[in-house]
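The structure appears below as structure tokens.
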Amino acid sequence: MIECHKDTAVVILSYNGTKWHKLFLPEIVAQSSSGYEVILVDNASTDETLKYVNSNFPSVKTLSIQINRGFANGYYEALKQIKAKYYILLSADFEVTDGWFPPLHAAMEQDENLAACQPKIRYWKEKENFEYAGAGGGFMDAYGYMFCRGRIFFDLEKDNGQYNDNIEVFWASGGCLVIRADLYHKVGGLDSDFYAHMEEIDLCWRLKNAGYRIGYVGNSTVYHVGGHVISYGSPQKIYYNFRNNLILLVKNEKGAKLVWLFPLRLLLDGAAGIRHLLKGEIKQSFTIIKAHFHFYGQMGKWLRRRRENKVFITTRNETGIYKRSIVFDYFFKKQKKFTDIGWKVTRL
């Protein structure tokens, strides 16, 4: 068990991440004097991650996972061994900026009902743009599709300061997720069955169903490389996109809504598959079919998870759920930016 002397543990999950640690770890460690400790979790790397970190950053504590069973499982195993008031789940391919930590910590200290939050996430390769995984805070539409301020589907906005506010969102990015440790463990932590992708949305939804708030802190900025483990647009990414989204709904959505939502989602996901087919993307189209078959093949497991989650449900906090269809607004109304849809957000 690692017991932190400061109230916050920045926990970096790493798989063959030496090149990222050479780039980004010096600044993360340099800013730890602002109030956090750094813990690196090696997820069964085959490179010299642990040797490099232990040799060059003696203040960084390390843990080792012997078998890599994905992003969610790496954190699931590691966080059981770390004692702190707050965890910051920080992916290895993130660059922090000067003063990134204090605004996040202040937001958590000021609102006991704030279970988790994220900073502004911009794209490391094009630093003026928001980044795919989290951007300016995460939302969900009425049909279970996820999107962000600053990124709707594949359109990334340029950051002109339009999202510098602090607001309540539906989900916060798992790439840089600040979360109360006690609540993380209380609701069961990250579900390792997700393997990778959307596991943080599942966690945030459980917290929202328990009545807590999820936040976005716009005066803290980090940069994300992205796509180096599972590349954006790849069949693997598409598979987890579709399969895990369905798991999310079964585990967390209201039963009465699932009765009509699932048949509709089957049609909508089918339309997405046809769209790939018409574009000549045969592998992507069949990946969607594969995701559905694998999901339905394990329905018993997902229903058990749903029953387990019911114990946490109190007053569902639905702030951050867009009451219309983001798919329709984006593809048919051509509303490519969050500001185009004219939705008023809730301030923290």
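Each reported figure results from applying straightforward, stated rules to the coordinates on display, with no laboratory input. Just so it is clear, the structure is predicted and the values come from calculations on it, not from any experiment. Cβ sites come from the backbone with ideal geometry, for glycine too, and all protein chains shown count toward neighbours.
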Here the Kirkwood hydrodynamic radius of the range 2-224, Cα-based and in Å, equals 17.3
Over the chain, calculate the relative contact order: mean separation of alpha carbon pairs under 8 Å at least 6 apart, over the residue count, as a percent.
-> 19
Average projection area in nm² (convex hull over Cα atoms of the range 93-195, one quarter of hull surface) | 7.8
May I ask which of K254/K290; K237/K279; K22/K51 have a Cα-Cα span longer than 23 Å here?
-> K254/K290
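Please figure out what share of the DSSP beta bridges in the range 2-224 is antiparallel and state it in percent, rounded to the nearest 5.
The antiparallel fraction comes to roughly 45 percent.
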Write out the GluC sites (Glu not before Pro) in the range 237-341 meeting two conditions: DSSP loop, and at most 13 other Cβ atoms within 10 Å of their Cβ.
-> E318
Ranked by how many other beta carbons lie within 10 Å on average, peptides 91-98, 193-200 from highest | 193-200, 91-98
Please work out, to two decimal places, the log10 of the ratio I(q)/I(0) at q = 0.13 Å⁻¹ from a Debye calculation in which every Cα of the range 218-348 carries one identical scatterer.
-> -0.78
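Sorted by packing (mean other beta-carbon atoms within 10 Å per residue), highest first, where do 135-145, 176-186 land?
My ranking of the peptides, most packed first, is 135-145, 176-186.
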DSSP H helices in the chain with Cα extent of 27 Å or more along the helix axis and mean Kyte-Doolittle hydropathy at least -1.0?
-> 255-278
